[in-house]
Amino acid sequence: MENLDAARLQMAFTLIFHIIFACIGMVMPFFMVVSHYKWLKTKDEVYLTLTKSWQKGVAIFFVTGAVSGTALSFELGLLWPEFMKHAGPIIGMPFSLEGAAFFVEAIALGFYLYGWNKLPERFHWFTGVIIGISGVASGILVVAANGWMNAPSGFDYVNGEFLNIDPIQAMLNPAWFTQALHMTLAAFTATGFAVAGIHAYQVYKGRKINLHTKAFKIAITFGAVAAILQPISGDISAKDIAERQPVKLAAMEAHYHTEKGAPLYIGGIVDAETQEVSYKIAIPNALSFLAFGDFDAEVKGLNDFPEDERPNVPIVHYAFQTMVGIGSILMLAGVLYFISLKKKKWLVNTKYWIFFVLLAPLGFIALEAGWIVTEVGRQPWIIHKIMRTKDAVTPMPGIVFSFYTYVAVYLTLSVAVTWLMIRQIKVLNSSNT
Amino acid sequence: MLYVVLFFLIFSLYLYVLLGGADYGAGIVELFSSKENQKITKKTIYRVMGPVWEANHIWIIILIVILWIAFPAYYNIMVVNLHIPLTIFLLGVTLRGVAFVFRHYDAVIDNSQKLYDGMFKISSLVTPIFLGMVFGALISGEIKVVDDVSSLTFYEVFIHPWLNVFTVLVGFFFAALCAFLSAVLLIGEAAAINRTIYVRKAAIATIVVVLIGFITFIYGYFFDHVFVSEFIKNPYAMIAMLLSGLFLIPLWIAIRKSRRVVSRFFAGLQVFLILFAALIAHFPEIIILENGSVSLLENIAPDSVIKVLGISLIIGGAVILPGLFHLLKSFKMIKILEPTERESV
């Protein structure tokens, strides 16, 4: 394996894991404080048990997210030294603020975890809210840094040098808002449906129905609201990408030939050689409309771009289809949940619970697929139109060994964390309340 | 603004060595304890470190982010030439963090605790050794920065600079320093009957620190090591080292008399003096290469970057430091601010 491929795989692999830990660590505090709030209001012991159990989940995911994040902060340089040498100072702003937000989160977590019966009740609860808010702030800031790679700004590029650097403009690059909005909603959707699915399974199995139903409702409410809002954010993103990175949009849609009134492909198998997409459903003029709000607008095809500036089309296309497909399912499921609030009968139907159990992993699959679209779709650039990924990779040979080590460690860790969560739930089910 | 950034850089380094160091040291102390004492130590560590250990480790993230934003050339040499020890250090951090959480948050207490404990103790020793080796490599004068690595062997460029007698000595020195810090901290936190355990550990750790420090210097002196010979020539570095030797006396009086606040103060001062001596010996040339050195004050990011970074550090510091202080006060320090058990009896 070549160094570049090994480095890209290692980066992808560690990010795929980090995103899961980070999203759960960022969203679960919100479930926890809602449950905590209900405990303070109703003094129903079930909410206290639930809060404490979720709190352990938050602690475990916070730490795994924090250590994998620490690893990533080094990996950026270890794998892409040439990139960090130039980009580090420019996109330092969101990273330094992220460091601060993360620090606030760690402090708040310290207060929250160890503050039971020691801190005033309301203040204690409030430290939980701070965990959530600073977690989301961290997420947004990191995504802003990624946005800069897609939409580099805040400097002048003259003869291979980065001059007149403006770190604030770099942070508030044209992509930061659309990406951050889309990612935040995705984190809530994915975590909401995943946590709800786990509790739905417990209800389905008939364990502690009261507790798990309450837990399910809190988690799914966040997930459903986010899933219903997500298509709006997706539309904003699509229009933004059509403007800024037309080649990425073309790859997402496997759109090879420039045309006016371009159709939208749903599904389909891409043949990169012949540049044909077979077995697709084509909706006439829809791509033009979605990208530019005009049924007859011209959408640039891949053929309009030099061959060495195109990403891997099949990967981007399939990932995009996966994301949108799952997003639509989850949006409908969200609507279904709100309908179910009026239909009490549904809650005793096992099919209702199985339905949500099956949805549990989908949010995260969509989220990972979305990141594959963004990151693979950006290739061959590490900084869009400025620096190629192959020029940024470390000169140290043998990265493939580092990649295998990371794979072994992260896979072991994820097995261990899953096992720990299963034990957590078992203990929760055997407790008295 | 450059000085604000420099201040925060060195401040984070100091706090990481102090707090992160005490944190690693806790695992080392536990590793070198008898079975029975291990249990006591485990409980004490959890009580003392539990609420703050995450915060302790964020200093290195702050450190690394400041490095890459403000001193990209520095960061570049570290990540390219010291890729391997940094990766091992990271794996150590990962396994250690996970083990810490697992052993305290696993809902079921069973045999798997042994695995978590083992992981925690071993990674607590290995991680600081590699971090020390990284620092040792930076000042060792063995790093080769060349445009084309293909003219040299892999060993010459990517292994020898961090894996040699000098760096290994620095690595063990740092690990011993961590154990020392932790033992001093634990003396003040343990129940009265267990205090002697940590007094003994602190004594052993002090001896080891002094011994390894001494060997490092002897080695450097006889093999004409650039860092050591410059160190000896630098009056500030020598004064700092002498002071750190002298302050061992009040430190030990304080420990003997169970003066917890005073003993911690002197332990913190030791770290300050050691770091000061190590950095001042070459300042601002903190990275010594085989062919020359890299100055911290040259190769910095453009003014606009430094300005914005300085402002964000000041704002961040204003938010974080009071919060952190409050956290320390609420949990860890409470005990120390209260009268000691002996006094209250």
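Some observations on this one:
- Within 10 Å of each Cβ in A:161-174, the average number of Cβ atoms from other chains: 2
- Projected-area mean, chain A, by convex hull of Cα positions, square nanometres: 22.5
- Amide H contacts under 5 Å for B:ILE143: B:GLU290, restricted to partners 5 or more places along the chain or on a different chain, H placed in the peptide plane at 1.01 Å from N.
- Rounded to the nearest 0.05, the FRET efficiency derived from the C-beta distance between A:GLU298 and A:ASP156 at R0 = 25 Å is 0.25.
- Relative to one another, the C-alpha centroids of region A:16-83 and region A:173-218 are positioned 13 Å apart.
- Sequentially through region B:234-244, phi angles give Karplus couplings (6.51, -1.76, 1.60; θ = phi - 60°) of 8, x, 4, 4, 5, 4, 4, 5, 4, 4, 5 Hz, Gly and Pro residues having no value and appearing as x.
- Listed by chain and number, the lysines placed with their C-alpha closer than 30 angstrom to that of A:LYS248 are A:LYS85, A:LYS239, A:LYS260, A:LYS280, A:LYS300, A:LYS385, A:LYS390; residues fewer than eight positions away on the same chain are left out.
- Taking region A:216-237 and a reference point 7 angstrom along Cα→Cβ of A:VAL335, the backbone N atoms nearer than 14 Å belong to A:225, A:227-232.
- Förster radius 60 Å - calculated FRET efficiency between A:ASN210 and B:LEU242 (Cβ-Cβ, nearest 0.05): 0.30
- Expressed in Å, the radius of gyration and Dmax of the Cα atoms of region B:1-154 are 18.0, 56.
- Placing unit charges on each Cβ (+1 for Lys and Arg, -1 for Asp and Glu) gives chain B a dipole about its Cα centre, and among B:LEU296, B:THR153, B:PHE266 the Cα reaching farthest toward its positive end belongs to B:PHE266.
- Mean separation of Cα contacts under 8 Å (6+ apart) over length of region A:138-252, as relative contact order %: 24
- Rg in Å to one decimal, and Dmax rounded to a whole Å, for region B:2-337 via C-alpha atoms: 20.1, 62
- In order along region A:370-375, the Karplus-derived 3J(HN,Hα) couplings, from 6.51 cos²θ - 1.76 cosθ + 1.60 at θ = phi - 60°, round to x, 5, 5, 4, 4, 7 Hz, and Gly and Pro are given as x.
- From helices alone, chain B scores -24500 deg cm²/dmol at 222 nm; the rule is -39500 (n - 2.57) for each run of n ≥ 4 DSSP H residues, then divide by the residue total.
- Remark: mean inter-chain Cβ contacts per residue of B:297-310 equal 4, using a 10 Å Cβ-Cβ cutoff to other protein chain atoms.
- For peptides A:88-96, B:113-121, sequence by mean Cβ density within 10 Å, most packed first: A:88-96, B:113-121
- Angle in degrees between helix A:313-340 and the longest Cα principal axis of chain A, rounded to the nearest 10: 30
- Between amide H atoms placed 1.01 Å from N, distances below 5 Å from A:LEU264 occur with A:ILE283, A:ASN285, A:ALA286, A:LEU287, all of them 5 or more places distant or on a separate chain.
- Degrees between helix B:260-280 axis and first principal axis of chain B (Cα, 0 to 90, nearest 10): 10
- Note on B:ASN299 and A:ALA12: their simple-model spin labels are 3.3 nm apart, each label 7 Å out from Cα toward Cβ.
- Karplus (6.51, -1.76, 1.60) ³J(HN,Hα), θ = phi - 60°, over region B:96-107, in Hz, Gly and Pro reported as x: 5, x, 5, 4, 4, 5, 4, 6, 9, 10, 5, 5
- Net charge dipole, the protein assembly as shown: roughly 4640 debye, given to the nearest 20, about the Cα centre with Cβ charges of +1 for Lys and Arg and -1 for Asp and Glu.
- Most to least packed among B:175-182, B:196-203 [average Cβ atoms within 10 Å]: B:175-182, B:196-203
- Dipole axis of region B:2-337 (+1 Lys, Arg; -1 Asp, Glu on Cβ), positive-most option in B:THR127, B:GLY141, B:VAL305: B:THR127
- The Cα center of region B:71-134 and the Cα center of region A:105-134 differ in position by 27 Å.
- Residues whose amide H lies under 5 Å from that of A:THR258, counting only those 5 or more places away or on a different chain, are A:GLY301, A:ASN303, A:ASP304; hydrogens are built 1.01 Å from N in the peptide plane.
- Put simply, when A:298-304, A:45-51 are sorted by average Cβ atoms within 10 angstrom per residue, most first, you get A:45-51, A:298-304.
- For region B:2-337, lysine pairs with C-alpha atoms less than 20 angstrom apart, excluding pairs fewer than eight positions apart on the same chain, total 22.
- Cα gyration tensor, region A:301-429 - rounded (a/c under 1.5), prolate or oblate: oblate
- Cα long-axis angle, helix A:45-79 against chain A (0 to 90 degrees, to the nearest 10): 30
- For the protein assembly as shown, the spherically averaged projection of the C-alpha convex hull amounts to 35.1 nm².
- Within a straight-line Cα-Cα reach of under 27 Å, A:LYS345 can be paired with the following lysines, leaving aside sequence neighbours fewer than 8 residues apart in one chain: A:LYS38, A:LYS205, A:LYS208, A:LYS214, A:LYS217.
Read the figures in this text as sums done on the coordinates, not as results from a lab. Treat the numbers as computed from the prediction; the structure is a model and nothing was measured. With ideal geometry, Cβ positions are generated from the backbone for all residues, glycine too; neighbour counts draw on all protein chains shown.
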